[in-house]
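Working notes, structure below.
The values are calculated or read from the model by the stated rules, or taken from the named source; none is laboratory data. Note that the structure is a prediction, hence the values are computed from the model and not measured. All Cβ positions, even for glycine, are placed from backbone atoms using ideal geometry, and neighbour counts span all protein chains on display.
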Amino acid sequence: MSIEAKLLSANFDRIIPDSLEDYKRFGGYNGLKKAMNMRPEQIIEEIKLSKLMGRGGAAYPTGIKWEQAHEVKKFPKYVVCNADEGEPGTLKDKYVMDKDPYKLIEGMTIAAYLLGAREGYIYVRGEYKKSQEILRGAIKNAVNANYLGENILGSDFSFDLEVISGAGAYVCGENSALVESSEGRAGRPRMKPPFIKISGFRGMPTLLNNVETFASVPVIMDIGGEEYASYGTDYSGGTKLITLSGNVVNKGVFEVPFGITLREIIYELGEGIANGRKLKMIQMGGSSGACFSEELLDTPLCYKTAKAKGLSLGSGAILVIDDSNCVVDFAKCITEFFLHESCGKCTPCREGNRQLAKILDKFAKGKASKKDYVSIDRISNAMTNGSFCGLGQTAATALTTSLKFFKEEFDAHIYGRCLTDCCSMSEGEE
Ligand SMILES: Cc1cc2nc3c(=O)[nH]c(=O)nc-3n(C[C@H](O)[C@H](O)[C@H](O)COP(=O)(O)O)c2cc1C
Ligand code: SF4
């Protein structure tokens, strides 16, 4: 029996993505029709019952977010979808947009109905040209069929949706940077408060959710919050799209119920480690997530349990790394990624990433000493506690957690030895 649970992904590969008829044939728009016969409080209650938590990484409870957005009495309000998906190793939002775009559109329409919003925007990663095209086509079809636009389904509710092409920087996925970028400025995070729920797009109240979050709402409205929640754990309701990548046999995007273990994900869904190699390390939640060894493989997929073990599910990326890979080299790549993506607005992130990259370069060249551990500790603490946004606050996580689980590999580099022979120890300069 498969350990997948296809709720949100039920239509993947069974409908023609831009066919509204196909979408409706499999229950599409039942959620919106139900919602339009409910009071706002009832919609919010259903979302709360589902225990849906934001799927963009921060896992903020969606029912509470929608309630807060509803309570703000200032108009116009905007509904914005974060489809920036810049987290390396994450592909799940692209799957939703490419394989079942109406689910996202329906979820955003339900949100707009609840808030009385007239306009919504989907901020799609710049590189996802195909997804943008699919969404634009689906929006057009939805307008023609009166599921978007003026007087939706004969009611006095009207809602227009537009696609914005993203600016191509990881930080643009941070909610306030996304709003800045959507308004045509450089994508840099804003000072908070005011939070975007009060002053977001065009300075007006904005409800911003991830693609998977919005797309889960029609399912919840259709089957009911309680039923949805029952797929998961007491704390984490429902299902999660995960992106399984790296050295596993079977890579891809899968929808799984919360509560299954990482071992099941890697060895059942992923069919184990490829090429007969051994598992060395797992990184969960994308490049900003923790790296750990197989001793945590029996951790169930649940926001609370993961947190108790110092992990975060983040975007749901699970990267599997086999024993042919060097941990130091991996940490160096991740740090260089963050150095490249730092927007430069604040010193701990801008300079911290630069210094960490320099230190890791020393490790890779066999030039590091034990004193460098003290520097890593000091710099990563400054970054975690002093950075302006989540990028800098989490940029050192991969390094600090790899050090916790694989210290002997870093030590070996100090003594001029790379356990996988990938670092060229003689190239360095003093
Ligand atoms: C540097 C950075 C990048 C982020 N990138 C994304 C992203 O690509 N997609 C996303 O949905 N959330 C991303 N987030 C989280 C968003 O700020 C925000 O919490 C999320 O979109 C809210 O939606 P949710 O409540 O549905 O999760 C990012 C956060 C940070 C700090
Ligand atoms: S933490 Fe990094 S990305 Fe965020 S504002 Fe500071 S420099 Fe920019």
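Quick notes on this structure:
- The set of residues from segment 309-359 being in contact with a helix residue (DSSP H, G or I) (Cβ under 8 Å, 6 or more places away or on another chain), part of a loop (DSSP other than H, G, I, E, B) and away from ligand 2 (no atom under 13 Å from the Cβ) comprises K309, G310, L311, S312, L313, S315, G316, C326.
- Which listed residue is within 16 Å of the chain's Cα centre (by Cα), assigned by TED's automatic domain parsing to the domain that holds A177 and crowded, with 24+ Cβ neighbours inside 10 Å, from G89, G107, G120, G57: G57
- Take the conditions (1) on the phi > 0 side of the Ramachandran plot; (2) under 18 Å from the mean Cα position of the chain (by Cα); G237 misses just one of them, which is (1).
- Any hit, segment 154-167, residues being within 16 Å of ligand 2 (Cβ to nearest atom), at pLDDT 95 or above and of a type outside the set (A, V, I, L, M): yes
- The one condition in (1) in the same structural domain as A396 (by TED's automatic domain parsing); (2) within 16 Å of ligand 1 (Cβ to nearest atom); (3) assigned to a helix (DSSP H, G or I) that A306 fails to fulfil: (1)
- Residue tally, condition in a helix (DSSP H, G or I), over 15 Å from K48 (Cα atoms) and either within 16 Å of ligand 2 (Cβ to nearest atom) or in contact with an Asp or Glu (Cβ under 8 Å, 6 or more places away or on another chain) (or both), over segment 180-233: 7
- Scanning segment 360-392 for residues that are in contact (Cβ under 8 Å) with a residue 40 or more places away in the chain, assigned to a helix (DSSP H, G or I) and within 14 Å of ligand 1 (Cβ to nearest atom) gives G390, L391, G392.
- The set of residues in segment 275-308 that are surrounded by fewer than 17 Cβ atoms within 10 Å (Cβ to Cβ), of a type in the set (A, V, I, L, M) and in contact with a helix residue (DSSP H, G or I) (Cβ under 9 Å, 6 or more places away or on another chain) contains only L297.
- Where a residue in segment 55-75 is at pLDDT 95 or above and its partner, wherever it lies, is more than 10 Å from ligand 1 (Cβ to nearest atom) and among the aromatic types (F, W, Y), with Cβ under 8 Å and at least six apart: A59/Y303
- Restricting attention to segment 413-422, the residues that are surrounded by fewer than 20 Cβ atoms within 10 Å (Cβ to Cβ) and assigned to a helix (DSSP H, G or I) add up to 1.
- Scope segment 57-78; condition more than 18 Å from L319 (Cβ to Cβ), in a loop (DSSP other than H, G, I, E, B) and within 12 Å of ligand 1 (Cβ to nearest atom); matching residues: A58, A59, Y60
- Taking the criterion of being of a type in the set (A, V, I, L, M) and under 17 Å from the mean Cα position of the chain (by Cα), the residues of segment 37-54 that qualify are L52, M53.
- Per-region count, segment 373-399, residues of a type outside the set (G, A, S) and surrounded by fewer than 19 Cβ atoms within 10 Å (Cβ to Cβ): 8
- Looking only at segment 160-175, and only at residues there that are surrounded by fewer than 23 Cβ atoms within 10 Å (Cβ to Cβ) and free of Cβ contacts under 8 Å to residues at least 60 places away in the same chain, the one that is nearest to A112 (Cα to Cα): D160
- If the condition is being within 13 Å of W66 (Cα to Cα) and part of a helix (DSSP H, G or I), then segment 79-108 contributes G107, M108.
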